[in-house]
Each structure stands twice: as C-alpha cells, then as structure tokens.
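What follows is calculated from the coordinates using simple rules that are stated; it is not laboratory data. Everything quoted here is computed from the prediction, not taken from an experiment. A quick note on method: Cβ atoms are made from the backbone with ideal geometry, for glycine too, and the neighbour counts reach across all protein chains shown.
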Amino acid sequence: MSGNKAVVVLNCRIRTRACKDYKSLKCEIEIGRESSTTLAEMFTCCFGLPCEPQDGAAARLPQQICIDCLPLLKQSYILKRTDIGADELIRLGLEDIGNNNNNSNSAAASAERAAGRQRRQ
Ligand SMILES: [Zn+2]
C-alpha cells in the first residue's frame with residue numbers, strides 16, 4: 001500500500017490493460033533512415049481503425065500506447081509496409097507474365113484473385 005498517494009493508471013490503446021509507461025499517439029517514430037510517422041498513423045495502418053486526437057475526449061479512447069506494445073506495433077507496421085510493397089511487385093510480375101504469354105485470361109484471373117484477396121482482408 002502506498003498510503004493516499006494517487007497512482008495514475010492509463011490504459012493502452014492496443015491492449016486493454018493498465019500501463020505506467022507509455023508513449024502518446026502523437027509521438028513521431030522513425031521508420032528506417034528517412035521516414036517517420038506517428039503512432040496514430042501506425043495504429044490506423046495496422047488495425048484499419050480510425051485514431052483521431054479528438055476520440056480521446058469524445059469516445060474516451062486511450063491516447064497512448066504502452067512501451068510493451070510499441071515494438072510490436074512498429075514490427076507490424078514495417079511488416080505491413082513490406083507486404084504492400086512486395087504485393088505490388090508480385091502483381092506487376094504476374095501482369096508481365098500474362099502479357100508475355102499474350103494470355104489475357106491469365107491477367108484477368110490474377111486480377112480476380114487479387115480482388116478476392118482484398119475482400120478477405
Ligand atoms: Zn500496450
């Protein structure tokens with residue numbers, strides 16, 4: 001027991017848990033050498049959920065991420081960005097193969113597969 005001393009406990013936006021050490025969603029995080037982004041943008045990218053400064057007051061959503069989740073979010077963000085880049089390359093490659101074979105059905109089929117993949121996400 002720590003007497004009457006108030007302990008500030010804030011919830012993490014990612015996992016519903018109390019945390020004492022956290023970073024604000026407005027915090028800028030460096031990704032690679034030349035790019036940086038905010039934790040809010042990383043959250044939205046990874047979870048597909050809106051993350052606005054005003055939702056703290058309006059919806060009482062936590063405006064911080066705990067230091068335990070921070071590296072996980074960063075890894076997820078980098079992985080997602082990598083996948084988006086790789087996916088574009090793969091699609092371009094598939095289109096090239098389709099064009100080289102003069103087979104428009106193949107290109108249409110890969111476009112359909114891509115659309116199906118989009119729907120599953
Ligand atoms: Zn957390």
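At a Förster radius of 25 Å, what calculated FRET efficiency corresponds to the Cβ-Cβ distance of L72 and E34, to the nearest 0.05? Walk me through the numbers on the way to the answer.
Details: r = 23 Å, r/R0 = 0.93.
For R0 = 25 Å, the calculated efficiency reads 0.60.
In this structure, the amide hydrogen of Q64, modeled 1.01 Å from its nitrogen in the peptide plane, lies closer than 5 angstrom to those of R13, L25, counting only residues at least 5 positions away or on a different chain. When Rg and the Kirkwood radius Rh are both evaluated on Cα atoms of segment 3-87, their ratio Rg/Rh stands at 1.04.
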